[in-house]
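The values are calculated or read from the model by the stated rules, or taken from the named source; none is laboratory data. The model shown is predicted, which means the values in this text are computed figures rather than measured ones. Ideal geometry is used to build each Cβ from the backbone, glycine not excepted, and the neighbour counts take in all protein chains shown. Calculation scope for accessible area: heavy atoms of the full protein, side chains included, ligands and nucleic acids excluded. Shrake-Rupley method; radii C 1.70, N 1.55, O 1.52, S 1.80 Å.
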Amino acid sequence: VEIYSLHVDCKVTSRFAHTVITSRIVNRANESREATFEVELPKTAFITNFSMSIDGEVYPGIIKEKAAAQNEYDSAVSQGQSAGLVKITDRKLEQFHVSVSIAASSKVTFELTYEELLKRQLGKYELLIKVRPKQLVKHFQIDVHIFEPQGIHFLETDSTFMTNELTEALTKEQNETKAHILFKPTLDQQKKSSELDETLLNGDFVVRYDVKREATAGDIQIVNGYFVHYFAPQEMPVFPKNVIFVIDRSGSMTGRKIEQTRDALLKILQDLRQEDHFSFITFNHKVVEWKSSLLPATEENVASAAALVQTLTARGGTYISGALLAAVGVLDKAEGLPERSVSMIILLTDGQPTSGERNVEVIQENVQKAINGKYALFCLGFGFDVSYKFLEKMALSNGGIARRIYENADATLQLQGFYQEVATPILMQIEMQYPENSVEGLTKNNFKLFFEGSEIIVSGKISNELDLLPVEIKAQSHMSNLTLKEEANVKEKEQVFQNQRYIFGNFIERLWAYLTIQQLLEKAISAQEEDQKALEAQALDLSLRYSFVTPLTSMVVTKPQQQEELANKPTEAG
């Protein structure tokens, strides 16, 4: 079975990426064989389309409500057959896998489409394409087209498998607002060596870029009555942070995990700014406060904290509740902190609560009551023995986020990377305001914190014939309260995208749907049960209307001989 053509075609229009992967396979044997199509795609993406064409007959994937699809599927298939088509493979990717039997000398074409909104982190957007054909491919091609009306500030490609020969197969064209990256290696360039038919193409192909920004109230783009507003202020003074690290040192952290935690904390300590205040709480079945109050991040205090970190050893139970409430207590009674500053708690744990209060609902409730909106709580779950659902709900209920740390060689870098994302808060209490009577379906438009290097994105539908869309942004910076105003000329903005040949349809409407679904699902995590149902019903409706495979929908893939399989979207919480 030979893959004779593999084409990855990706169009990024104003951060919204639309990727189509087409694989053509021929069975050169004189009997029928299995042809397999395997794609690793970013977890943040939603699959929107899939089809197989076998000898001219097309078998499309159909997106349905998950429960309905599951019932149909269960009745059609005796239990225990065929696993789902999508599974999480690592911290950034999930894998779509389908195989089909094709007759001797027959051909099959697989085509998968997925979409995602690229998220700005540490000053850049990252488009990740996983390349793993597992064989030499006669016609292999990756095409990335980027169109950013704000202008491209910088653009770089990076790959884990490049050689000097392969670099010759990579071309990059770029002007003010557009870029085209083409990677088209010949058979010879793909080979590990001239004697062996083994491929070099195995790993990540990454495009990173950022856009130009004028120092105003962000950038507004409009297509067919839908708008998106990007806001990422630069070069603003950083808020001093008051941060408490709450570190699990229970028995399960023994060995590599506690070593990696120590290494990461030592680096993070070096990154604290002079004006920051900090403290440590470590816990197993007991809670130990390093100091009873927060200390300024002077050289001396940082050195003394580093000495403590180096002695961290792991044994005992997991008293999560006691440790978090102790951290809130330290922040509550802290004195002499800078008047305008940001207070946060960063919890790192690798297990379930086993000491003190063990009921996760009760812990969530107590922690939320204690924090009471005053501080942001970030929860890092190390490995797969944590209840990620519990950590995620707790973080989202307290103005933070949760992240799973994968137990790999790079766990130290994952921990540091997370800290860097939250290390530089530059705005607080951000409100993005639009005229109420002429904008509907507005996505989330107020944000507790804005960190340097990230981006705020708000999208909505302009309801009536507006000529000008006025926006107003209110926020607190370290020095003052800000009000920024801007007016977008609707006709002019619509013009920008009129004559672009690689805009895919109503991309801002799809971006709006994608963002709305993501936010409804996130909101549902920390909502009460009846609200949860309403939020999920809304998200399901949009998922079906815009044909996205989300955690609430399934794609039913029908093969020849009426065999059915399901593609479901996995989530980090399982």
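Laid out as a table, the results:
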read-out: Given (1) under 26 Å from the mean Cα position of the chain (by Cα); (2) closer than 24 Å to Val342 by Cβ; (3) of a type outside the set (Lys, Arg), index of the condition Phe227 fails; value: (2)
read-out: Any hit, the stretch 441-448, residues being basic (Lys, Arg), in contact (Cβ under 8 Å) with a residue 40 or more places away in the chain and under 22 Å from Thr89 (Cβ atoms); value: no
read-out: Neighbours by Cβ (under 7 Å, 6+ apart or cross-chain): first from the stretch 236-248, in contact (Cβ under 8 Å) with a residue 40 or more places away in the chain and in a loop (DSSP other than H, G, I, E, B); second open to solvent by 10 Å² or more (accessible area, probe 1.4 Å) and among the small types (Gly, Ala, Ser); value: Phe239/Ser341; Pro240/Ser341
read-out: Residues located in the stretch 1-35, provided they are surrounded by 22 or more Cβ atoms within 10 Å (Cβ to Cβ) and either polar (S, T, N, Q) or not in a strand (DSSP E or B) (or both); value: Thr13, Ser14, Arg15, Thr19, Ser23
read-out: Test: residue in the stretch 383-395 that is at negative phi, open to solvent by 40 Å² or more (accessible area, probe 1.4 Å) and either aromatic (Phe, Trp, Tyr) or assigned to a loop (DSSP other than H, G, I, E, B) (or both); value: yes
read-out: Ala376 of a type outside the set (Ser, Thr, Tyr) and in contact (Cβ under 8 Å) with a residue 40 or more places away in the chain; value: yes
read-out: Within the stretch 105-160, tally of residues that are within 22 Å of the chain's Cα centre (by Cα) and at positive phi; value: 2
read-out: The stretch 407-423, subset assigned to a loop (DSSP other than H, G, I, E, B) and either free of Cβ contacts under 8 Å to residues at least 60 places away in the same chain or open to solvent by 20 Å² or more (accessible area, probe 1.4 Å) (or both), residue nearest to Leu324 (Cα to Cα); value: Glu407
read-out: Matching strands (runs of 3 or more DSSP E) fully within the stretch 161-223 where at least 1 residues are under 26 Å from Ser454 (Cα atoms), open to solvent by 40 Å² or more (accessible area, probe 1.4 Å) and assigned by the TED database to the domain that holds Glu40; value: 170-174, 178-183, 203-211
read-out: Exclusive hit being among the small types (Gly, Ala, Ser) and either out of contact with any Ser or Thr (no Cβ under 7 Å at 6 or more places or on another chain) or not assigned by the TED database to the domain that holds Thr349 (or both), set Ala264, Ala305, Ala314; value: Ala305
read-out: Condition check for Asn437: in a helix (DSSP H, G or I) and outside the structural domain of Ile371 (by the TED database); value: yes
read-out: Within the stretch 520-570, tally of residues that are under 20 Å from Ile88 (Cβ atoms) and acidic (Asp, Glu); value: 2
read-out: Only listed residue being under 30 Å from Ser480 (Cβ atoms), part of a helix (DSSP H, G or I) and either of a type in the set (A, V, I, L, M) or touching a helix residue (DSSP H, G or I) at 6+ places or on another chain (Cβ under 8 Å) (or both), chosen from Val367, Val330, Val362, Val309; value: Val330
read-out: Number of positions in the stretch 352-400 that are in contact with a Leu (Cβ under 8 Å, 6 or more places away or on another chain) and among the charged types (D, E, K, R); value: 1
read-out: Complete set of residues in the stretch 433-454 that are under 30 Å from Phe418 (Cβ atoms) and either open to solvent by less than 30 Å² (accessible area, probe 1.4 Å) or of a type outside the set (Asp, Glu) (or both); value: Leu442, Thr443, Lys444, Asn445, Asn446, Phe447, Lys448, Leu449, Phe450, Phe451, Gly453, Ser454
read-out: Total residues in the stretch 224-240, condition in contact with a strand residue (DSSP E or B) (Cβ under 6 Å, 6 or more places away or on another chain), under 24 Å from Leu468 (Cβ atoms) and surrounded by fewer than 22 Cβ atoms within 10 Å (Cβ to Cβ); value: 3
read-out: Wholly within the stretch 36-144, strands (runs of 3 or more DSSP E) carrying at least 3 residues that are open to solvent by 40 Å² or more (accessible area, probe 1.4 Å); value: 57-65
